[in-house]
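Asks: Got a structure for you, questions after.
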Amino acid sequence: MDIVKTNIEEVIFNEIINEHLKPHIRQIDEHVFYPKEFLNAIGKAGFFNSNKIQKELVSYKDIYLIEETANYCMTTAFTIWCHLAALASARLSNNIVIKNELLPLLESGDVIGGTGLSNALKYYAGLEPIRINAKRTEGGYTISGNLPSVSNLDEDHWFVIIASLNPNQRIMCMIPVKLEGLVLESKTDFIGLNGSATYSCYFNNVFIPDKWILTEEADEYIQQLRPILALYQIPLGIGISQAAIESIVKNHSKNIEVNQHVKPQPKELIDKIQCIRKNTYAHAKATDLTIIWKEILRTRLEIAKITLKVVQADMLYSGGQGYLQGSDSFRRLREAYFIANLSPTIKHLETLF
């Protein structure tokens, strides 16, 4: 994918990773460190900007950003996914205020976005009801309810949610974290991803002005948005798998006589990840992702399954070193289980195929 690396100025991106990510990976994983400066630096360097870039190359660039970051730290890559999910939501909107005022700030990295769409995606899959209710009022809506987990939030961030107006209509809006009636409760008891700035959000008659409404027809809007969100989840697994495979190859060569009998062998894993990576970038070429929605979901299921297989193999090949606290192999093992449980989860995807 040389064209991808050239278009996003690979050298500059690697410099940002070396300065703002690598020194903090253990803090992110073990001490709830949120990599905000890394996200800001990516935006400042122009990597979130879609201005005058072909749609296909925007998707390539976004996928590569997530993939390359996940190669070092999947928690941080997930925060990029959250921001890109907010960006994708804003780009699809016809709201002039969102387009002209908020979108440029999201693309520059001056404002970072999160996504509270897990509940909504489960709702549209028939798995649970919408947790937030909306009522029309003068100049906007008031919303009440709660979301158990919303990631990539900080005091100056914005995030996307869907609320139910009535049984036949749902609205989607992008809101700032600092709102009267919105209470956030930090969640840091996960086995991984604690550096993702994840919170439970409680809404008590929160006023949302019309200028923050992405769409009043969320049921139609989500059809365009969810293929992008699922597509951008795939490189999370690609990146972490490639890092695990590098570790496997390194350890495999230390004792080939013994390791040649261990299953799976590195080549099997390499071939599978390369195939998924090729398919992912091929999906990004589609002019209408809704047409290949099921294909994207199939690839999403494949990467979730193979990532678990790869990180487990990494632990086996690493031996005792992988079993130590602070080992990269163990961190990747814990991070990988998040991909299995990130909406759409493996359990959800398995019902479709």
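Asks: Can you tell me which residue among 240, 234, 175 is modelled with pLDDT of 95 or more, within 21 Å of residue 143 (Cα to Cα) and surrounded by 17 or more Cβ atoms within 10 Å (Cβ to Cβ)?
Replies: 175
Asks: Looking only at strands (runs of 3 or more DSSP E) that lie completely in region 157-240, which have at least 1 residues being touching a Cys at 6+ places or on another chain (Cβ under 8 Å) and within 17 Å of residue 90 (Cβ to Cβ)?
Replies: 158-166, 199-209, 213-215
Asks: Only one of (1) more than 20 Å from residue 204 (Cβ to Cβ); (2) in contact (Cβ under 8 Å) with a residue 60 or more places away in the chain is not met by residue 101, so which one is it?
Replies: Status for residue 101: all satisfied but (2).
Asks: Here are 47, 33: which of them is buried (at least 20 other Cβ atoms within 10 Å of the Cβ), more than 15 Å from the chain's Cα centre (by Cα), aromatic (Phe, Trp, Tyr) and in a loop (DSSP other than H, G, I, E, B)?
Replies: Criteria check complete, one pass: 47.
Quick grid of which residues meet (1) within 14 Å of the chain's Cα centre (by Cα); (2) under 20 Å from residue 203 (Cβ atoms); (3) assigned to a helix (DSSP H, G or I); (4) of a type in the set (A, V, I, L, M, F, W, C):
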site: 107; (1), (2), (3), (4): no, no, yes, no
site: 110; (1), (2), (3), (4): no, no, no, no
site: 130; (1), (2), (3), (4): no, yes, no, yes
site: 149; (1), (2), (3), (4): yes, yes, no, no
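Asks: Do you know which of the residues in region 50-72 that are assigned to a loop (DSSP other than H, G, I, E, B) and modelled with pLDDT of 95 or more is surrounded by the most Cβ atoms within 10 Å (Cβ to Cβ)?
Replies: Restricting to residues being assigned to a loop (DSSP other than H, G, I, E, B) and modelled with pLDDT of 95 or more, the top hit is 71.
Asks: Hey, could you check region 270-282 for residues that are open to solvent by less than 60 Å² (accessible area, probe 1.4 Å) and hydrophobic (A, V, I, L, M, F, W, C) and say which is nearest to residue 54 (Cα to Cα)?
Replies: Among them, the one singled out is 282.
Asks: Next question, about the same structure. Looking at region 125-172 only, could you name the residues that are among the aliphatic types (A, V, I, L, M) and surrounded by fewer than 17 Cβ atoms within 10 Å (Cβ to Cβ)?
Replies: If the condition is that a residue be among the aliphatic types (A, V, I, L, M) and surrounded by fewer than 17 Cβ atoms within 10 Å (Cβ to Cβ), then 125, 127 are the ones that fit.
Asks: Filter region 74-103 for residues that are within 20 Å of residue 178 (Cβ to Cβ) and open to solvent by 10 Å² or more (accessible area, probe 1.4 Å) and give the result.
Replies: 97, 101, 102, 103
Asks: Tell me yes or no: at least one residue of region 125-140 is among the β-branched types (Val, Ile, Thr) and closer than 30 Å to residue 64 by Cβ.
Replies: Checked against the condition, which is being among the β-branched types (Val, Ile, Thr) and closer than 30 Å to residue 64 by Cβ, region 125-140 yields no hits at all.
Asks: Select, from 285, 250, the only residue that is over 30 Å from residue 318 (Cα atoms), open to solvent by 40 Å² or more (accessible area, probe 1.4 Å) and of a type in the set (Lys, Arg).
Replies: Just one listed residue meets the conditions, 285.
Asks: I want to confirm something. Restricting to region 1-30 and keeping residues that are closer than 22 Å to residue 75 by Cβ and not in a helix (DSSP H, G or I), which single residue is modelled with the lowest pLDDT?
Replies: This residue is 8.
Asks: From the residues in region 73-99 that are outside any loop (DSSP other than H, G, I, E, B) and in contact with a strand residue (DSSP E or B) (Cβ under 6 Å, 6 or more places away or on another chain), which one is nearest to residue 159 (Cα to Cα)?
Replies: So the residue we want is 86.
Asks: Only one of (1) small (Gly, Ala, Ser); (2) open to solvent by less than 20 Å² (accessible area, probe 1.4 Å); (3) modelled with pLDDT under 95 fails for residue 319. Which number is that?
Replies: (2)
Asks: Give all pairs with beta carbons closer than 6 Å in which a residue from region 162-190 that is in contact (Cβ under 8 Å) with a residue 60 or more places away in the chain meets a residue that is β-branched (Val, Ile, Thr); count only pairs at least 6 apart in sequence or on separate chains.
Replies: 172/162; 172/215; 174/160; 188/32
The values are calculated or read from the model by the stated rules, or taken from the named source; none is laboratory data. Note that this is a predicted model, so its numbers are computed, not measured. Positions of Cβ are backbone-derived with ideal geometry, glycine not excepted, and every protein chain shown enters the neighbour counts. Areas reflect the complete protein model, heavy atoms only, side chains present, ligands, DNA and RNA absent. Shrake-Rupley method; radii C 1.70, N 1.55, O 1.52, S 1.80 Å.
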